[in-house]
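Visitor: One structure, as structure tokens, below. Some questions next.
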Amino acid sequence: MIRCVNCNAQLRVSGILTPRQLEVLGLASQGLMNKEIALRLGISTDTVNNHMVHIKDSLGCVTRLEAVVKFLEEKWGVKEEK
């Protein structure tokens, strides 16, 4: 079940991540792979990998999926109830 947490909330992750990291995470949340993100942003896949490592560390996430879920929960103001 999904409920609205705060539909008008600003992303908390935006205060933690750099604008470029938010851009990378946003593209990852659209299902793009690191190579596709690199091509879209004109950077190397190594740079994208580095961004993803720092994103996960900054958000306290272990996996890419966990970081994407946290990003999308905050973006849409919803959180899965357990």
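Each reported figure results from applying straightforward, stated rules to the coordinates on display, with no laboratory input. All figures in this text were calculated on a predicted structure; none of them were measured in a lab. Using ideal geometry, Cβ is built from the backbone for each residue, glycine included, and neighbour counts are taken over all protein chains shown.
Visitor: For the subset of segment 33-56 comprising residues that are surrounded by 15 or more Cβ atoms within 10 Å (Cβ to Cβ) and either in contact with a Phe, Trp or Tyr (Cβ under 9 Å, 6 or more places away or on another chain) or polar (S, T, N, Q) (or both), which member is nearest to LEU17 (Cα to Cα)?
Guide: Checked segment 33-56; the qualifying residue nearest to LEU17 (Cα to Cα) is ILE55.
Visitor: Which of the residues belonging to segment 57-82 are loosely packed, with under 14 Cβ neighbours inside 10 Å, touching a helix residue (DSSP H, G or I) at 6+ places or on another chain (Cβ under 8 Å) and part of a loop (DSSP other than H, G, I, E, B)?
Guide: VAL62, THR63 - these are the residues of segment 57-82 that are loosely packed, with under 14 Cβ neighbours inside 10 Å, touching a helix residue (DSSP H, G or I) at 6+ places or on another chain (Cβ under 8 Å) and part of a loop (DSSP other than H, G, I, E, B).
Visitor: Looking only at segment 23-56, count how many residues are within 19 Å of LYS75 (Cα to Cα), without any contact (Cβ under 8 Å) to a residue 12 or more places away in the chain and in a helix (DSSP H, G or I). If you could, list the steps in order and put the result at the bottom.
Guide: Start the filter on segment 23-56 by keeping residues that are within 19 Å of LYS75 (Cα to Cα), which leaves 23-32, 52, 55-56.
Okay, now just the ones that are also without any contact (Cβ under 8 Å) to a residue 12 or more places away in the chain, so 30-32, 56.
Going one step further and asking which of them are in a helix (DSSP H, G or I), we end up with 56.
Summing the residues that are within 19 Å of LYS75 (Cα to Cα), without any contact (Cβ under 8 Å) to a residue 12 or more places away in the chain and in a helix (DSSP H, G or I) in segment 23-56 gives 1.
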